[in-house]
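**Q** Provided herewith is a single structure, encoded as structure tokens, for subsequent inquiry.
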Amino acid sequence: TKGKRRSWRQLHLGLDLVSGEIVCSDLTTDDVGDPTALPDLLDQIDAPVDLFLADGAFDGRSTRDLLAERFGTTLEIAIPPPKNASFSPNAAQDPTVRDRHIAEIHAHGRMAWQKTSGYNQRSRGETQMGRWKAVIGPKLKARTFENQKTEAKIGVRVLNRMTGLGRPSFERTA
């Protein structure tokens with residue numbers, strides 16, 4: 001007989017680009033989408049946020065509205081629109097941030113947009129996932145979902161501790 005099919009888990013991490021520390025995390029089942037997990041992640045952040053970087057899965061009005069509600073309209077958002085993205089109906093009179101991103105991608109190309117918007121810094125998040133898999137491991141050891149969530153929280157604390165120990169600290173002496 002075949003064994004029980006293993007279900008996937010998604011680990012959502014929020015990274016502080018300056019300190020390299022994981023500031024929010026959540027482990028969800030595979031049926032929870034990225035935008036659905038975002039409110040719980042944002043609840044864990046108690047510091048001001050200047051820049052929000054995310055992949056195209058977060059592209060949508062609900063994500064942008066939630067970010068504006070939580071952090072204000074001054075928050076810089078860098079979420080790549082899909083290749084077939086179209087402008088909003090009133091883009092000519094009142095362009096949204098997404099409309100400006102679409103226009104910049106059409107004018108200069110996606111790679112230039114990534115540089116100017118800071119989106120290329122998202123690679124630090126991918127690097128953090130690589131660190132997770134190298135240090136913590138590619139699989140969860142716990143069997144129950146609640147224990148897996150605890151295991152993920154412990155992994156976050158371990159990586160943050162290692163990051164704190166391994167980063168140089170600069171102080172002005174003169």
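**Q** Would you calculate a helix-derived [θ] at 222 nm for the chain, using -39,500 (n - 2.57) for each DSSP H run of n ≥ 4 and dividing by the full residue count, to the nearest 500?
**A** Taking each H run of at least 4 residues, the total per residue is -14000 deg cm²/dmol.
**Q** Considering the values (i) 11, 38, 35, 15, 2; (ii) 9, 28, 24, 12, 7, 6, 6, 5, 3, 1, 0; (iii) 8, 31, 32, 19, 8, 1, 0, 0, which represents P(r) over Cα pairs in 10 Å bins from 0, in percent as calculated for the structure under consideration?
**A** Here P(r) over Cα pairs in 10 Å bins from 0, in percent agrees with entry (iii).
**Q** Rolling a 1.4 angstrom probe over the protein heavy atoms, how many square angstrom per residue are accessible across the chain?
**A** 69 Å²
**Q** What is the magnitude of the charge dipole of the range 24-82 about its Cα centre, with +1 placed on the Cβ of each Lys and Arg, -1 on the Cβ of each Asp and Glu, and no other charges, expressed in debye to the nearest 20?
**A** Rounded to the nearest 20 debye, it is 240 debye.
**Q** Using label points projected 7 Å from each Cα along Cα→Cβ, tell me how many nm separate R100 and D43, to one decimal.
**A** With each label placed 7 Å out from Cα toward Cβ, I get 3.2 nm.
**Q** Figure the gain on full extension for Q10 and S169 (residue separation times 0.36 nm, minus the Cα-Cα span) and round it to one decimal in nm.
**A** 54.0 nm
**Q** Another one. Mind listing which chymotrypsin sites (Phe, Trp or Tyr not before Pro) in the range 127-174 are in a DSSP loop and have 12 or fewer other Cβ atoms within 10 Å?
**A** F170
**Q** Still on this structure: Once neighbouring chains are kept in place and the probe is 1.4 Å, which whole percent of the accessible area of the chain is contributed by carbon and sulfur?
**A** 52 percent
**Q** Compute the distance in nm between two label points, each set 7 Å from the Cα along the Cα-to-Cβ direction, one at A92 and one at N147.
**A** Here the answer is 6.3 nm between the modelled labels.
**Q** Quick one: grab the alpha carbon gyration tensor of the range 91-174, order the square roots of its eigenvalues as a ≥ b ≥ c, and give me rounded if a/c is under 1.5, else prolate or oblate depending on whether a/b is larger than b/c.
**A** oblate
The values are calculated or read from the model by the stated rules, or taken from the named source; none is laboratory data. Not measured: the values here are computed from a predicted model. No Cβ is skipped: glycine too gets one built from the backbone with ideal geometry, and neighbour counts run over all protein chains shown. Quick note on the areas: whole protein, heavy atoms, side chains included, nothing else; ligands and nucleic acids left out. Shrake-Rupley method; radii C 1.70, N 1.55, O 1.52, S 1.80 Å.
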